[in-house]
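Trainee: Attaching a single structure in structure tokens format; questions to follow.
The values are calculated or read from the model by the stated rules, or taken from the named source; none is laboratory data. Not measured: the values here are computed from a predicted model. Cβ placement follows ideal geometry from the backbone for every residue including glycine, while neighbour counts extend to all protein chains displayed. Keep in mind that these areas ignore ligands, DNA and RNA; they rest on the heavy atoms of the full protein, side chains included. Shrake-Rupley method; radii C 1.70, N 1.55, O 1.52, S 1.80 Å.
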Amino acid sequence: MKPITLMAHLVANYPDTSGCLAAAEALVDAGTAYLEVQIPFSDPSADGSSIMHACACGG
Amino acid sequence: MNSDQGYFGPYGGRYVPEVLLRAIEEIEAAFYGAIRAINDEGFNRELERLRHEFIGRPTPLLYAEHTSKLLGGADLFIKMEGLAHTGAHKINNAIGQALLAKRMGKKRIIAETGAGQHGLATAAACAKLGLPCTVYMGAVDVDRQQPNVATMELFGAQVVPVQSGSRTLKDAINEAFRDWAASFEDTFYVIGSALGPAPYPDMVRTFQSVVGREVKAQLAEFGRTPDALVACVGGGSNAIGFFEPYLNEEVPRLIGVEAGGRGPEPGNHAARMTGEGARTGIVHGYKSRFLLTEDGQVGQTHSISAGLDYPGIGPQLAALGRSGRLEFRRATDREALEALQFFARNEGVVFALESAHAGAAAINLVRSLPKGKTVVVNMSGRGDKDLFITAPLLRPREWEAFLRRELEALEQQRVGDTVPAGETR
């Protein structure tokens with residue numbers, strides 16, 4: 001059976017540009033196969049409070 | 001004039017998270033089932049009864065004779081929609097959707113509100129129909145519309161202040177969608193503006209069109225047909241209901257008035273159809289014209305009236321503006337305030353600040369048209385709710401002194417309350 005691969009989600013530019021890149025690299029180094037990067041939006045109505053907060057900081 | 005599969009020309013649609021799709025399809029089926037069953041003993045008869053007994057329909061059409069004489073132009077009529085129960089047209093739709101929710105077997109209602117008029121109407125409808133109700137309201141709006149918050153709570157609704165984003169109507173809508181994504185099994189989301197994912201724009205227009213049908217019949221009693229109709233446009237619920245019987249006709253002129261705010265600079269107004277600030281975007285589940293920043297983020301807006309302080313416009317209104325059937329104007333904060341004073345003094349009628357934007361445009365229009373022409377302005381709401389906004393502007397010193405006395409009285413009462421039981425005061 002094929003092993004299940006790991007996908008991670010990031011909000012671009014959160015907490016800042018270098019912090020976001022460092023987090024992305026760490027996720028990949030730790031075995032993340034897919035990295036989903038969300039562009040921060042002022043009105044993320046389908047997201048909860050963590051992503052809302054990240055969007056507000058990253059935007 | 002229904003949408004074509006949820007679209008009005010290029011605008012409209014149903015851009016929602018997958019999790020909400022089934023809930024919205026369920027509402028669509030129930031809505032068309034209910035309104036098409038014209039001879040159904042249930043829905044339409046109950047709605048008609050509530051319109052008469054609870055809302056107080058029909059609302060009057062007032063001939064504004066002093067205004068017409070003073071301005072020396074066309075004859076002005078005022079549709080007194082603000083005399084509807086809870087003070088605005090919002091109750092027409094709130095009762096309709098709450099009744100639909102009940103018919104669908106839903107056990108809880110949620111709503112968003114800007115000025116508080118839709119929240120108030122929904123809270124009243126829920127109290128009347130026996131449904132629990134939660135209202136999301138931006139924290140900024142909670143402060144500027146305290147009387148409505150107090151009354152919503154009196155109706156038994158839970159009012160949740162929203163602290164995210166600009167803490168106004170758009171953020172309240174986001175929060176209501178967030179609630180609904182987790183609660184749609186037993187919860188109905190009552191949207192108050194003519195916007196959101198399909199079928200909401202069709203649904204809101206259908207329930208609000210009673211306003212336009214009444215105007216048509218009432219003008220006929222005066223032996224008149226209209227040359228122009230004027231309404232304010234935030235999301236657009238009062239305008240689309242008021243204009244509805246005439247959308248497929250070539251006359252009368254239909255004029256929508258947006259919030260010009262403090263001026264034309266970005267962030268100082270909420271004008272989506274006039275000026276350069278807006279373009280096509282997708283927000284809150286529908287495609288329309290929005291005030292967006294260069295990056296595509298939703299822009300800041302300002303209006304003296306909470307009900308017009310919103311970055312988007314209902315998709316059907318945007319489409320009708322694009323096709324040329326609707327003309328758009330804007331009125332500034334100051335012009336709205338002047339119109340409010342004008343109609344209070346000359347007609348004995350206090351417009352809500354939202355509706356006063358339409359009043360300002362109507363004054364200009366009446367002046368520019370010849371005698372004998374007929375203009376109707378929709379006073380979509382009455383102004384009682386705006387006392388905390390108008391009083392500090394119109395009588396600042398007296399208002400401040402009054403508030404100080406009120407605070408002192410409250411503080412003295414608190415000191416009195418802390419006296420231990422058993423002791424005499």
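Trainee: Give B:Gly285, B:Gly267, B:Gly196 a once-over and let me know the one that is surrounded by fewer than 22 Cβ atoms within 10 Å (Cβ to Cβ) and within 14 Å of chain A (Cβ to nearest Cβ).
Mentor: B:Gly267
Trainee: I would also like to ask the following. Being touching a helix residue (DSSP H, G or I) at 6+ places or on another chain (Cβ under 8 Å) and part of a helix (DSSP H, G or I) is the filter; apply it to the stretch B:321-336 and report the residue that is farthest from B:Asp202 (Cα to Cα).
Mentor: Looking at residues that are touching a helix residue (DSSP H, G or I) at 6+ places or on another chain (Cβ under 8 Å) and part of a helix (DSSP H, G or I), I get B:Glu335.
Trainee: Can you run down the residue pairs with Cβ atoms below 8 Å, 6 or more apart or on separate chains, where the first is in the stretch B:43-58 and free of Cβ contacts under 8 Å to residues at least 12 places away in the same chain and the partner is β-branched (Val, Ile, Thr)?
Mentor: B:Asn44/B:Ile35; B:Asn44/B:Ile38
Trainee: Follow-up question, since we're still on this one. Tell me, please, whether a residue that is within 30 Å of the chain's Cα centre (by Cα) and open to solvent by 40 Å² or more (accessible area, probe 1.4 Å) can be found in the stretch B:404-417.
Mentor: For the stretch B:404-417, residues within 30 Å of the chain's Cα centre (by Cα) and open to solvent by 40 Å² or more (accessible area, probe 1.4 Å): absent.
Trainee: Six or more apart or on different chains, Cβ under 6 Å: which pairs go from a residue in the stretch B:145-160 that's small (Gly, Ala, Ser) to one that's surrounded by 13 or more Cβ atoms within 10 Å (Cβ to Cβ)? Could you list them?
Mentor: From the stretch B:145-160, the pairs are B:Gly156/B:Ala127; B:Ala157/B:Ala123; B:Ala157/B:Cys133; B:Ala157/B:Val135.
Trainee: Within the bounds of the stretch A:31-48, is there any residue that is farther than 18 Å from B:Val283 by Cβ, without any contact (Cβ under 8 Å) to a residue 40 or more places away in the chain, within 12 Å of chain B (Cβ to nearest Cβ) and not polar (S, T, N, Q)?
Mentor: Scanning the stretch A:31-48, I find at least one residue that is farther than 18 Å from B:Val283 by Cβ, without any contact (Cβ under 8 Å) to a residue 40 or more places away in the chain, within 12 Å of chain B (Cβ to nearest Cβ) and not polar (S, T, N, Q), so the answer is yes.
Trainee: Only one of B:Arg367, B:Arg345 is without any contact (Cβ under 8 Å) to a residue 12 or more places away in the chain and either of a type in the set (S, T, N, Q) or closer than 20 Å to B:Thr67 by Cβ (or both). Can you tell me which?
Mentor: The conditions single out B:Arg345.
Trainee: Turning to a different aspect of this structure: If I filter the stretch B:222-240 down to residues being surrounded by fewer than 24 Cβ atoms within 10 Å (Cβ to Cβ) and touching a residue at least 60 places away in the same chain (Cβ under 8 Å), which single residue comes out as nearest to B:Ala270 (Cα to Cα)?
Mentor: Out of the qualifying residues, it is B:Ala228.
Trainee: Say we look at the stretch B:172-193 and pick out the residues that are open to solvent by 20 Å² or more (accessible area, probe 1.4 Å), part of a helix (DSSP H, G or I) and not aliphatic (A, V, I, L, M); which of these is farthest from the other protein chains (Cβ to nearest Cβ)?
Mentor: Selected residue: B:Asp179.
Trainee: Same structure again: Filtering the stretch B:1-25 down to residues that are within 14 Å of another protein chain (Cβ to nearest Cβ) and in a loop (DSSP other than H, G, I, E, B), which residue is nearest to B:Tyr246 (Cα to Cα)?
Mentor: B:Arg14
Trainee: Okay, next question. The conditions are (1) surrounded by fewer than 21 Cβ atoms within 10 Å (Cβ to Cβ); (2) assigned to a loop (DSSP other than H, G, I, E, B); (3) not hydroxyl-bearing (Ser, Thr, Tyr), and B:Arg279 fails exactly one of them. Which is it?
Mentor: (2)
Trainee: Go through the stretch B:345-363 and count every residue that is surrounded by fewer than 24 Cβ atoms within 10 Å (Cβ to Cβ) and small (Gly, Ala, Ser).
Mentor: Summing the residues that are surrounded by fewer than 24 Cβ atoms within 10 Å (Cβ to Cβ) and small (Gly, Ala, Ser) in the stretch B:345-363 gives 1.
Trainee: Let me ask something else. Check whether at least one residue in the stretch B:163-171 is β-branched (Val, Ile, Thr) and within 14 Å of chain A (Cβ to nearest Cβ), and report yes or no.
Mentor: Within the stretch B:163-171, one or more residues are β-branched (Val, Ile, Thr) and within 14 Å of chain A (Cβ to nearest Cβ).
Trainee: Just name the residue that is nearest to B:Phe242 (Cα to Cα) out of those in the stretch B:356-383 that are within 15 Å of the chain's Cα centre (by Cα) and assigned to a helix (DSSP H, G or I).
Mentor: The selected residue is B:Ala358.
Trainee: Please work out which residue is farthest from the chain's Cα centre (by Cα), limiting yourself to the stretch A:29-55 and to residues that are at pLDDT below 95 and part of a helix (DSSP H, G or I).
Mentor: For the stretch A:29-55, the residue satisfying everything is A:Ser49.
Trainee: For the stretch A:6-38, which residues satisfy the criterion of being within 18 Å of A:His53 (Cα to Cα) and open to solvent by less than 70 Å² (accessible area, probe 1.4 Å)?
Mentor: Selection gives A:Ala8, A:Leu10, A:Val11, A:Ala12, A:Asn13, A:Gly19, A:Cys20, A:Ala23, A:Gln38.
Trainee: Within 14 Å of chain B (Cβ to nearest Cβ), outside any helix (DSSP H, G or I) and either open to solvent by 60 Å² or more (accessible area, probe 1.4 Å) or touching a helix residue (DSSP H, G or I) at 6+ places or on another chain (Cβ under 9 Å) (or both), is that true of A:Pro3?
Mentor: No: the conditions fail for A:Pro3.
Trainee: Yes or no: B:Ser209 among the hydroxyl-bearing types (Ser, Thr, Tyr), free of Cβ contacts under 8 Å to residues at least 12 places away in the same chain, over 23 Å from B:Lys106 (Cβ atoms) and surrounded by fewer than 24 Cβ atoms within 10 Å (Cβ to Cβ)?
Mentor: Against the criterion (among the hydroxyl-bearing types (Ser, Thr, Tyr), free of Cβ contacts under 8 Å to residues at least 12 places away in the same chain, over 23 Å from B:Lys106 (Cβ atoms) and surrounded by fewer than 24 Cβ atoms within 10 Å (Cβ to Cβ)), B:Ser209 does not qualify.
Trainee: Test each condition in (1) more than 12 Å from chain B (Cβ to nearest Cβ); (2) out of contact with any helix residue (DSSP H, G or I) (no Cβ under 9 Å at 6 or more places or on another chain) for A:Ile51 and report the one that comes out false.
Mentor: It fails just one condition, (1).
Trainee: When the residues of the stretch B:151-162 are narrowed to those that are under 19 Å from the mean Cα position of the chain (by Cα) and in a helix (DSSP H, G or I), which ends up farthest from the other protein chains (Cβ to nearest Cβ)?
Mentor: Taking the candidates together, the pick is B:Thr151.
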